[in-house]
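What follows is one structure encoded as structure tokens, with my remarks underneath.
The values are calculated or read from the model by the stated rules, or taken from the named source; none is laboratory data. These figures come from a predicted structure and were not determined experimentally. Here Cβ is always computed from backbone atoms with ideal geometry, including for glycine, and neighbour counts include all displayed protein chains. Remember, those area values only see protein heavy atoms, side chains included, never the ligands or the DNA or RNA. Shrake-Rupley method; radii C 1.70, N 1.55, O 1.52, S 1.80 Å.
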Amino acid sequence: MDKTEEQFDRLFKPLRVVTPQTSLLEETLAMLPVRDGVTIRGSARFLYLDVFRYTIMVGLVAVVLLLSPLMRGGDPFDELYALEIEAEEISQGIDDGEFSVVIDYVSDDMDLVGEDIIN
Amino acid sequence: MESFERLVSLARNGDKEAFGELYSSYFTPIYRFLYWRTKHKEIAEDLTQTVFLKAYEAVGAFENTGAPFLSWLYTIAHNLYLDYIKKRKFLLPDEPDTFWENQKGFLPGVEKEITRRENREALDKAISELSDNQQELVILRFVAERSYGEIAEITGKTEDALRALNYRAMKLLKEKLKNLFEDT
């Protein structure tokens, strides 16, 4: 602090004696909100984590399901084409009120599995 | 008496008693700063109270980053005052002189009441004629007795800019308070 600043320091000294006539402490303490932020933040973080984990799991399952025919040597375009036709057939069956198409597929699949077991 | 760190930690966890101790320790300097910014007792009291309510809400975010707790409170007060100015768009007139008459020790060393009053009015007027930034700097520097480093943190300005601002403010004040300086 140089000489001029020291002069100002002396000049302003009286301004430092200004003190509040009331502290408003009781009033302010009564106005303080109940702190429950920690719990809310904690549970929110927990929820986000759960959703994140669930999304990752679903994603992994979807990838495995999609890739499994390819891992058996299937052509990805053929697989997609087959899925498309199958979806169309199911859709057509539902439109015509014939659910038998779906049931046939299921029963055929079961027969095949049964034959495999017997053989 | 709990240590400062312990009080902050307790206040962070919602301990109102600990927060009350912090409040009692820091209320006066924050009030003094806001009083000289607003020049109004009730508004200064209300704003000081709001500073502490905001501090209570944000005390969880306050970490010992090297900045003193008081500087952090000054930063809240600085921002709150700016908001207040934006909302009000004008400053209320100064309070009646009766306030000063009750303040013992104002301009100590000056014996005669008339001189004391004249000196106070001259100083008050001179400060009011400074720019808003200069007023804030002068109050933080000479009333709140903060260092340039702390004022830089509070106002968001660089220390060099503050020194330049202070130089200009002191030059202006010296011109306006020529008589007072001749007396000292």
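Test of understanding: extend the Cα→C-beta vector of B:Lys171 to 7 Å, then name every residue of segment B:131-156 with backbone N under 17 Å from that spot. Counting only backbone N, you get B:131-135, B:138.
Which pairs break 23 Å Cα to Cα here: A:Lys3/B:Lys41; B:Lys41/B:Lys157; A:Lys13/B:Lys54; B:Lys39/B:Lys86; A:Lys3/B:Lys176; B:Lys125/B:Lys174?
Exceeds cut-off: A:Lys3/B:Lys41; B:Lys41/B:Lys157; A:Lys13/B:Lys54.
Mean partner shielding of peptide A:19-30, defined as the number of other chain Cβ atoms within 10 Å of each residue Cβ, is 6. For B:Ala58, project a label point 7 Å along Cα to C-beta. Then give me every residue of segment B:134-174 with its amide nitrogen under 12 Å of that point. Output list for this probe position: B:154-155. Highest mean packing first, where packing is the average number of other Cβ atoms within 10 Å per residue, the peptides A:90-96, B:73-79 line up as B:73-79, A:90-96.
At full extension, B:Ala161 and B:Lys41 could sit 40.1 nm farther apart than now, given 0.36 nm per residue minus the alpha carbon distance.
The protection proxy used here, the mean number of other Cβ atoms lying within 10 Å of each residue, ranks peptides A:15-28, B:136-149 as follows, highest first: B:136-149, A:15-28. Among the residues of B:170-176, the average count of other protein chain beta-carbon atoms within 10 Å of the residue beta-carbon is 2. Residue by residue along A:3-9, Cβ atoms of other protein chains within 10 Å of the local Cβ number 5 on average. Computed from the C-beta positions of A:Ala30 and A:Ala62 and an R0 of 51 Å, the FRET efficiency is 0.40 to the nearest 0.05.
Per the accessible-area calculation with a 1.4 Å probe, the total area buried between chain B and chain A rounds to 3600 Å².
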